[in-house]
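Notes to accompany the following structure.
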Amino acid sequence: MKFFIDTANLDQIREAHDLGVLDGVTTNPTLMSKEGIKGQDKIVAHYKAICELVKGGDISAEVVSTDFKGIIEEGKKLAAIHPQIIVKVPMIKDGVKAMKWFTDNGIKTNCTLVFSAGQAILAAKAGAKYVSPFIGRIDDSCWDGIQLIEQIAQIYSIHGYSTQILAASIRSALHIVKCAEAGADVVTAPLESILGLLKHPLTDLGLAKFLEDAKKL
Ligand code: G3P
């Protein structure tokens with residue numbers, strides 16, 4: 001399973017990258033605005049900086065247009081920023097049409113705001129490289145996000161779809177483990193959840209004892 005970080009914060013991206021386990025980055029308009037990035041030039045420079053930090057990784061950059069023509073124009077501009085850019089497109093009617101156009105024209109996409117297996121089938125049919133089910137937001141609304149990952153994984157496996165399941169809206173380290181178990185190809189998580197995988201009190205206690213005993217050697 002690949003690890004992406006779900007942030008536009010360069011320090012956090014650098015920290016995850018330095019850990020040696022980072023395969024890519026996902027951003028969205030909310031995450032970009034949190035970094036205070038304003039204006040087209042600054043947005044482009046920020047995406048370039050992310051691509052240069054995570055060399056070779058897939059970097060999702062989201063369109064904000066909602067009509068076919070607008071999505072195509074915006075997506076082409078985003079894809080032209082850097083070869084690592086994946087155009088993130090919302091799961092709406094014009095989004096599906098646009099993803100098919102991008103697929104036919106060699107531009108890779110990540111279908112975002114996915115909350116059902118039906119939407120995931122459409123994304124695969126449109127040739128999206130990634131489909132992003134929002135696990136945490138599903139859990140927040142009292143449905144089971146992990147169950148959706150299992151369902152999509154089963155459908156994609158039966159029908160041989162090559163679209164990769166990118167579990168998004170991750171809230172915890174446990175979510176990451178459950179997504180791995182459920183068959184996600186990629187998980188995109190905040191830094192805190194990735195670092196949460198490190199934690200176990202018995203590791204800390206065991207290390208303290210080893211270090212204490214090492215003094216006797
Ligand atoms: O990037 C999309 C997704 O991961 C957003 O997560 O925490 O806003 O539900 P969240």
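The values are calculated or read from the model by the stated rules, or taken from the named source; none is laboratory data. Since the structure is predicted, the reported quantities are computational estimates derived from the model, not experimental observations. Neighbour counts are summed over all protein chains in view; Cβ atoms, including those assigned to glycine, are modelled from backbone coordinates with ideal geometry.
Any chance segment 125-133 includes a residue that's touching a helix residue (DSSP H, G or I) at 6+ places or on another chain (Cβ under 7 Å) and at positive phi?
yes
For segment 175-217, give me the residue count where each residue is more than 26 Å from residue 1 (Cβ to Cβ) and not in a helix (DSSP H, G or I).
The qualifying residues number 3.
I'd like the full set of residues that are closer than 18 Å to residue 74 by Cα, outside any helix (DSSP H, G or I) and within 16 Å of the ligand (Cβ to nearest atom), limited to segment 22-52.
Across segment 22-52, the qualifying residues are 26, 27, 28, 37.
Yes or no: residue 60 within 25 Å of residue 182 (Cα to Cα), at pLDDT 95 or above, of a type in the set (Gly, Ala, Ser) and within 14 Å of the ligand (Cβ to nearest atom)?
Criteria met by residue 60.
Taking helices (runs of 4 or more DSSP H) that fall entirely within segment 68-169, which contain at least 1 residues that are within 16 Å of the ligand (Cβ to nearest atom), crowded, with 24+ Cβ neighbours inside 10 Å and not hydroxyl-bearing (Ser, Thr, Tyr)?
Values: elements: 68-81, 93-104, 117-125, 135-140, 145-159.
Those helices (runs of 4 or more DSSP H) span 93-104, 117-125, 135-140, 145-159.
Please identify the pairs in which a residue from segment 134-146 that is free of Cβ contacts under 8 Å to residues at least 12 places away in the same chain has its Cβ atom under 8 Å from the Cβ atom of a residue that is assigned to a helix (DSSP H, G or I), counting only partners at least 6 apart or on another chain.
144/138
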